[in-house]
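Here is the structure we will look at, set down as structure tokens.
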Amino acid sequence: MKKIILGALISVGMIGTTFAQCTYNLDATLTDLKNWQTSNNTVPNFPRTYELIQNINQIDQKAVGQINYYANSSVDHFATSKKVANFRAQYRYITNIPANLPMVDTAVSSNGIVVLESVIDVANLNINMGSATDSYEFGYNLTGSSSQKVELGLDVVYGKYNNNSVLADGDYIIVTGGAFKPDTNGFTTVKEFDRKTHKITVPSDGKIKVGIFINQSTKQVGYVINGTNFGYLNINLQNSINSIGYTATINQEPYANSLLNGKSVGIQLITDHANIQQVYPTGSKDICGTAL
């Protein structure tokens with residue numbers, strides 16, 4: 001199973017301490033992404049091209065793009081903040097980040113249970129795949145920091161698999177989490193790692209709801225998919241977080257003749273209590289601290 005987005009989890013942390021409105025700013029420009037690309041392309045055997053997702057709606061915090069196959073090239077499309085892109089350009093890997101370095105992006109409430117939600121729109125992928133071989137994935141990366149350091153990396157990935165050796169035919173949500181700690185050299189490393197794979201039924205409207213809740217007291221991270229609470233991942237943060245960074249990624253299609261080529265998909269980030277739709281543990285609040 002390819003995990004292009006998982007590279008973001010292990011390679012970076014984007015973080016902050018400044019409180020703001022209950023929104024997330026997807027303000028990274030193409031120039032920001034190209035700077036990030038240039039930094040990553042200094043790594044041997046990593047010739048990738050970075051582009052913006054074609055349609056980014058700042059008000060709705062939604063990115064919509066087309067699935068494409070690119071012959072003889074590797075192209076990733078992103079929607080993220082300028083602060084995330086700039087930080088990733090400076091620190092390619094989690095092991096490059098000083099263990100005492102937090103990074104300012106979007107502040108979150110540092111107590112109680114903090115919730116954010118996403119809507120993954122795959123309405124256009126409701127097609128009969130027949131016997132075609134395919135394995136397509138896209139999704140987003142969420143990172144969290146305390147005032148001391150990077151604490152959390154989380155990937156939420158939608159996968160559609162058909163007639164392949166990776167997973168049984170169908171639609172999946174894959175949630176991967178990592179808790180971070182200082183290493184003996186003063187840099188950041190992985191403390192704990194957990195991945196959960198769920199075969200799902202896509203709702204009739206094609207919109208998959210995935211909620212993330214962070215218990216700031218117990219320092220645990222849980223998730224809800226289409227109304228079902230799956231509890232906590234098997235990771236424990238060292239400190240409660242006070243900032244998040246977010247990156248949506250629409251990956252390229254690995255198969256030239258895929259039936260998914262040319263189809264549009266979307267990812268929406270929901271951070272305000274008024275728009276959060278699923279049920280979460282008692283005492284939950286949005287990232288700004290407003291009760292659900």
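Points worth noting:
- Choice from T133, T249, T282 with maximal GNM fluctuation in the chain (Cα, 10 Å cutoff): T282
- This ranking places L30, L259, L142 by how few other beta-carbon atoms lie within 10 Å of each, fewest first, which gives L30, L259, L142.
- Considering only P98, F230, L260, and ranking their Cα positions along the charge dipole of the stretch 6-285 that arises from unit charges at the beta-carbon of Lys, Arg, Asp and Glu, the one farthest toward the positive end is P98.
- Taking a ≥ b ≥ c as the square roots of the Cα gyration tensor eigenvalues, the chain comes out oblate, since a/c reaches at least 1.5 and a/b does not exceed b/c.
- Radius, Kirkwood style, for the stretch 208-291 when every pair of distinct Cα atoms is counted (Å): 15.3 Å
- About the Cα centre, charge dipole magnitude for the chain (Lys/Arg +1, Asp/Glu -1 at Cβ), debye: 440 debye
- A Gaussian network model of the chain, with springs between Cα atoms under 10 Å, assigns the largest mean-square fluctuation among I59, I212, I267 to I59.
- Cβ crowding within 10 Å ranks V84, V122, V157 as V122, V157, V84, fewest other Cβ atoms first.
- In this structure, T282 and D183 have a Cβ-Cβ separation that, at R0 = 41 Å, corresponds to a calculated FRET efficiency of about 0.65.
- Most mobile of N100, N185, N163 in a GNM of the chain (Cα contacts under 10 Å): N185
- Extension gain, T133 to F230, is 31.9 nm, computed as 0.36 nm per intervening residue step minus the present C-alpha separation.
Values in this text are rule-based calculations from the coordinates and carry no lab data. Given the structure is predicted, the values throughout are model-derived calculations rather than measurements. Quick reminder, even Gly has a Cβ in these numbers, built from the backbone with ideal geometry, and neighbours come from all protein chains shown.
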